[in-house]
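The values are calculated or read from the model by the stated rules, or taken from the named source; none is laboratory data. Small disclaimer: the values here were computed from a predicted structure and weren't measured. Neighbour counts run over all protein chains shown; Cβ positions are idealised from the backbone, glycine included. All accessible areas refer to the heavy atoms of the entire protein, side chains included, with ligands and DNA or RNA removed. Shrake-Rupley method; radii C 1.70, N 1.55, O 1.52, S 1.80 Å.
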Amino acid sequence: MTDQELTLETHSLGAATVEALQQAIAHRRSMGIARLKPDAVDRSLIEQLLEAANWAPSHGETEPWRFTIYTGDSRVALGEAFAAAYQQDAGAGFHEATFEAQKARALMSPVWISIGMEPALKSDGSLRMDLEDERIAVGCAVQNLHLVASAQGLAGMWLSKNIFIHPHVAEFVGLKSPGQLLGFFIVGWPNIPWPAGERGPVSEKVRWAE
Ligand SMILES: Cc1cc2nc3c(=O)[nH]c(=O)nc-3n(C[C@H](O)[C@H](O)[C@H](O)COP(=O)(O)O)c2cc1C
């Protein structure tokens, strides 16, 4: 047996698992709020997502990902936080209808997961790792979470703009500086057929140095 064959035999999860993993990676899709059914999602499925997220890598084993889960009635207060964030920024352009729409938005996904980053600190309060590495680790955690969600047939999407990263909303979900709110991950059962993904050829992004 060659060294490579021995390694494959003792450490590989097997060709079928590798193939299934590749399939799961390509199957993962982002679907926004309009694509979600209002039906609740079993807590045990959400727990599987969070367990997957928790296996993400992190520089210095800092495990900086922090999640708060909003389902059911807890979404009402979340909607109020979105609306308050909108109001803080709206100034003279404030519209009552938009304020109410922000509140209603939180009820349009059955599950909201706040995506937080809390960096590890040294005893003097300074950062143990740089913030970029801490944020990247959270991105890895969200990818794990999203892969398992898609494998379960759950629709989801990372929302990373505007009120979803607003300081008022960050405070509401329990994050304070140097922690950061990186957005929300919405989860629900899809109300459309599973969409096909699209990518440009990998060959355009890869160069084999010779
Ligand atoms: C860090 C990050 C932030 C994202 N933020 C948003 C967002 O704010 N709004 C949005 O519609 N999609 C957002 N997305 C989802 C992308 O639009 C989506 O991944 C992309 O269209 C590719 O589709 P796919 O995930 O189905 O392969 C985000 C994705 C990532 C990785």
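The set of residues in the stretch 4-27 being among the polar types (S, T, N, Q), modelled with pLDDT under 95 and open to solvent by 70 Å² or more (accessible area, probe 1.4 Å) consists of 4, 7, 10. Every test in (1) in contact with a helix residue (DSSP H, G or I) (Cβ under 8 Å, 6 or more places away or on another chain); (2) open to solvent by 80 Å² or more (accessible area, probe 1.4 Å); (3) closer than 24 Å to residue 108 by Cβ is passed by residue 176 save one, and that test is (3). With respect to (1) within 16 Å of the ligand (Cβ to nearest atom); (2) without any contact (Cβ under 8 Å) to a residue 60 or more places away in the chain; (3) polar (S, T, N, Q); (4) surrounded by 15 or more Cβ atoms within 10 Å (Cβ to Cβ), the lone exception for residue 71 is condition (1).
Would the stretch 110-118 turn up any residue that is over 21 Å from residue 25 (Cα atoms), in a loop (DSSP other than H, G, I, E, B) and away from the ligand (no atom under 16 Å from the Cβ)? There is at least one residue in the stretch 110-118 that is over 21 Å from residue 25 (Cα atoms), in a loop (DSSP other than H, G, I, E, B) and away from the ligand (no atom under 16 Å from the Cβ). Taken together, the residues in the stretch 41-61 that are open to solvent by 70 Å² or more (accessible area, probe 1.4 Å), within 16 Å of residue 150 (Cα to Cα), not acidic (Asp, Glu) and not in a helix (DSSP H, G or I) amount to 0. Residues that are within 9 Å of the ligand (Cβ to nearest atom), of a type outside the set (Ser, Thr, Tyr) and touching a residue at least 60 places away in the same chain (Cβ under 8 Å) within the stretch 135-152 comprise 142, 143, 146, listed in sequence order.
With respect to residue 181, is the statement that it is buried (at least 20 other Cβ atoms within 10 Å of the Cβ) and within 13 Å of the ligand (Cβ to nearest atom) true? So residue 181 passes the test.
Please specify each residue of the stretch 160-178 satisfying the condition of being β-branched (Val, Ile, Thr) and either within 13 Å of the ligand (Cβ to nearest atom) or in contact with a Phe, Trp or Tyr (Cβ under 8 Å, 6 or more places away or on another chain) (or both). 163, 165, 169, listed by residue number. With (1) open to solvent by 10 Å² or more (accessible area, probe 1.4 Å); (2) closer than 14 Å to residue 49 by Cβ; (3) touching a Lys or Arg at 6+ places or on another chain (Cβ under 6 Å) as the list, and residue 144 as the residue in question, which single condition is left unmet? Single failed check for residue 144: (3).
Looking at the stretch 75-89, is at least one residue free of Cβ contacts under 8 Å to residues at least 12 places away in the same chain and open to solvent by 40 Å² or more (accessible area, probe 1.4 Å)? Steps first, please.
Let us first name the residues in the stretch 75-89 that are free of Cβ contacts under 8 Å to residues at least 12 places away in the same chain, namely none.
Checked the stretch 75-89: no residue is free of Cβ contacts under 8 Å to residues at least 12 places away in the same chain and open to solvent by 40 Å² or more (accessible area, probe 1.4 Å).
Counting the residues of the stretch 147-165 that are closer than 20 Å to residue 23 by Cα, open to solvent by 10 Å² or more (accessible area, probe 1.4 Å) and assigned to a helix (DSSP H, G or I) gives 3. Taken as a whole, the condition of being open to solvent by 40 Å² or more (accessible area, probe 1.4 Å), of a type in the set (S, T, N, Q) and under 27 Å from residue 134 (Cα atoms) applies to residue 30. Answer yes if at least one residue in the stretch 195-208 is surrounded by 14 or more Cβ atoms within 10 Å (Cβ to Cβ), among the basic types (Lys, Arg) and not in a loop (DSSP other than H, G, I, E, B), and no otherwise. Looking for residues that are surrounded by 14 or more Cβ atoms within 10 Å (Cβ to Cβ), among the basic types (Lys, Arg) and not in a loop (DSSP other than H, G, I, E, B), one finds none in the stretch 195-208, hence no.
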